[in-house]
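Every number here is computed from the coordinates shown, using simple stated rules; none is lab data. Fair warning: this is a prediction, and the values are worked out from it, not measured in the lab. Neighbour counts run over all protein chains shown; Cβ positions are idealised from the backbone, glycine included.
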Amino acid sequence: MSTQQKWFCFFVSSLVLCIPAFYNGFPFLFPDTVGYIDSGFENRVGNARTWLYAGFLRHSSLWESLWIVIFAQGMLVSGTVYLMFKYFFEEKKLELSFISYLLIVGTTTAVSFHVSMIMPDIFTPIVILCFCLLIFSENMSRRDYWLVIFLFLFSSGTHNSHLVLNLGLVGGLAVGKLIKKWQPFYIKAGITSRKIGFITGLIVVTHFSVCAIHYSKGGDFAATRGGSIFLFARLCDFGIAQSYLNENCEEWGHDICNYVERMTLGRHYLWAGTSYFNKTGNWTAENEAFYKELVWNILTTPKYLKKYMISCIEATFMQFFSFESSPLSEMENSKENGPIGQVKNYFPNYYIAAYHSRQIQGNYDTIQINLNNMVQQIVLYLAGFVLVLLFFDENYDKKQKMLALFILLGMLINAFIAGATSGVYSRYQSRVAWLITLPAFWYLFAIYRTKISDKLFKK
């Protein structure tokens with residue numbers, strides 16, 4: 001296939017991944033979109049978010065249109081998936097298989113939903129796929145190698161959860177390397193200590209680069225702010241923060257003790273204007289120091305640490321199996337405030353289109369949303385069943401098995417991060433759940449190829 005034809009495939013697949021936005025009438029907006037747009041266009045570090053995705057919005061939009069942003073996101077996803085096919089899918093009709101796969105997942109899973117949204121969620125699966133390419137691929141061309149490194153570095157810096165995700169993945173690989181029974185699998189998959197060390201170095205480079213970018217824009221030399229505040233809010237979800245305060249407030253006597261009975265869900269504590277957190281200045285340096293000490297005191301108390309660990313395990317499995325997508329519910333936005341206001345400020349020509357989009361007007365049919373989610377569940381559960389067959393197939397390539405296992409590990413770590421620090425929200429898992437269709441697709445194609453070969457051999 002010629003270069004022009006390849007670019008045409010990328011173009012078509014990117015358009016397919018933008019279909020939900022086309023149907024909506026405008027790219028999807030999330031309440032957190034406000035912070036990213038504001039941070040990017042004001043060129044300053046926002047609260048509790050990395051600047052890199054904000055900068056991506058600022059520059060990829062060309063200060064003209066958010067449609068360019070989601071198309072760029074579609075191109076990045078298409079390009080990364082193509083590289084996965086190029087180095088792990090041994091077929092002559094590579095491009096045809098690639099475009100067929102993206103047409104299937106783009107119309108049946110939430111990948112297109114996340115591509116169509118102005119949020120850094122779509123970069124989480126890119127991080128996992130680039131990790132796969134750096135660890136498992138062999139004989140990668142120099143151009144592709146540097147491209148994957150760039151994609152990994154950039155994608156890792158777009159969200160503060162990616163540092164923990166990367167550390168979890170590289171830690172899992174390092175621990176597995178120490179297990180003697182797994183050595184043959186590591187050798188077959190081409191996983192070496194050098195590769196693990198190199199990607200660890202990339203993770204360190206990403207972290208310090210994000211810190212340097214924030215410092216250059218007037219912020220602290222830190223990757224993110226408010227981590228302890230988010231964790232305290234999660235402890236409120238679990239009821240652990242309330243239990244600790246009830247037990248210690250009589251002796252401690254801090255002003256927060258007067259608000260214990262009003263502490264409910266963590267998201268209310270963070271964002272409700274009447275919460276103690278917002279009444280005391282919210283994202284100030286003093287609050288960060290206060291909640292850091294409070295969280296430390298809670299989690300260094302053995303009985304509360306035990307409760308937290310149990311709650312995290314439970315939340316991880318709840319999050320792992322929560323992967324619906326909807327432009328309503330938690331994505332509901334005000335017609336006057338929120339992201340729509342930022343569109344008016346920075347993209348005034350698109351304000352009318354954004355205001356009258358299905359999402360903002362609430363003109364989505366819940367039956368259609370439920371049907372889409374049902375189709376996605378069928379596809380993902382079937383893919384999961386195919387992976388079970390894959391793992392029990394003794395004749396199937398061990399490297400492909402390791403690759404599938406690694407993708408599942410990435411999905412599990414993603415679920416743990418969300419469940420332990422933020423909350424069980426379908427958006428967190430739907431951004432990566434579609435990844436299991438990739439090894440499932442390859443396995444089904446391998447079975448089909450084997451059957452065709454057997455028929456030809458018999459003839």
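Structural remarks
- Mean Kyte hydropathy of 1.6 or more with a Cα span along the axis of at least 15 Å, helices from DSSP in the chain: 123-136
- Of the trypsin sites (Lys or Arg not before Pro) in the range 153-253, those whose Cβ has at most 12 other Cβ within 10 Å and which sit in DSSP loop: none
- Computed about its Cα centre, the charge dipole of the range 14-96 is approximately 120 debye, with only Lys, Arg, Asp and Glu carrying charge at their Cβ.
- Dipole of the range 191-349 [Lys/Arg +1, Asp/Glu -1 at C-beta], most positive-end residue of Gly273, Ser243, His207: His207
- Prolate/oblate/rounded call for the range 1-122, Cα gyration tensor, a/c under 1.5 rounded: prolate
- Inter-site label distance for Lys303 and Asp393 at 7 Å from Cα along Cβ, in nm: 5.3 nm
- Projecting the Cα positions of Thr80, Tyr396, Ala418 onto the charge dipole of the chain (unit charges on Cβ atoms of Lys, Arg, Asp and Glu, taken about the Cα centre) puts Tyr396 furthest along the positive direction.
- Overall, the anisotropy analysis places the range 280-358 in the oblate class: the square-rooted eigenvalues a ≥ b ≥ c of its C-alpha gyration tensor yield a/c not less than 1.5, with a/b not exceeding b/c.
- Footprinting exposure proxy ranking of Ile313, Ile135, Ile70, Ile256, fewest other C-beta atoms within 10 angstrom first, gives Ile313, Ile256, Ile135, Ile70.
- The range 242-268 and the range 349-365 have Cα centres spaced 41 Å apart.
- Centroid-to-centroid separation of the range 128-153 and the range 92-119 [C-alpha atoms, Å]: 20 Å
- Charged-residue dipole, Cβ positions (Lys, Arg, Asp, Glu), the chain about Cα centre, Debye nearest 20: 1860 debye
- Projecting the Cα atoms of Leu15, Ile37, Ser141 onto the charge dipole of the range 5-154 (Cβ charges, centred on the Cα centre) puts Ser141 farthest toward the positive pole.
- Overall, the ratio between the Cα radius of gyration of the range 127-277 and 2.2 N^0.38 Å, rounded to two decimals, is 1.45.
- Each Lys and Arg contributes +1 and each Asp and Glu -1, all at the Cβ; summed about the Cα centre of the range 215-323, the dipole is approximately 380 debye.
- Arranged from fewest to most other beta-carbon atoms within 10 Å of their beta carbon, Phe238, Phe323 become Phe238, Phe323.
- Nitroxide proxy distance, nm - points 7 Å out along Cα→Cβ at Arg142 and Lys93: 3.5 nm
- Rounded if a/c under 1.5, otherwise prolate or oblate - the range 236-290, Cα gyration tensor axes: oblate
- Cysteines, the chain, no other Cys beta-carbon under 4.7 Å: Cys9, Cys18, Cys130, Cys132, Cys211, Cys236, Cys312
- In the distance distribution for the chain, Cα-Cα pairs more than 34 Å apart total 36 percent.
- Ranked by how many other Cβ atoms sit within 10 Å of their own Cβ, fewest first, the residues Asp121, Asp255 fall in the order Asp255, Asp121.
- FRET efficiency, 1/(1 + (r/R0)^6) with R0 51 Å, evaluated for Ser329 and Lys292 via beta carbons: 0.95
- Compactness check for the range 58-184: Cα Rg over 2.2 N^0.38 Å is 1.17.
- FRET efficiency for Ala174 and Asn282, using Cβ-Cβ distance with R0 set to 35 Å, rounded to 0.05: 0.35
- Helix-derived mean residue ellipticity, 222 nm - over the chain, DSSP H n ≥ 4, -39500 (n - 2.57), to 500: -23000 deg cm²/dmol
- Relative contact order of the chain, defined on C-alpha pairs under 8 angstrom at six or more residues apart (%): 21 percent
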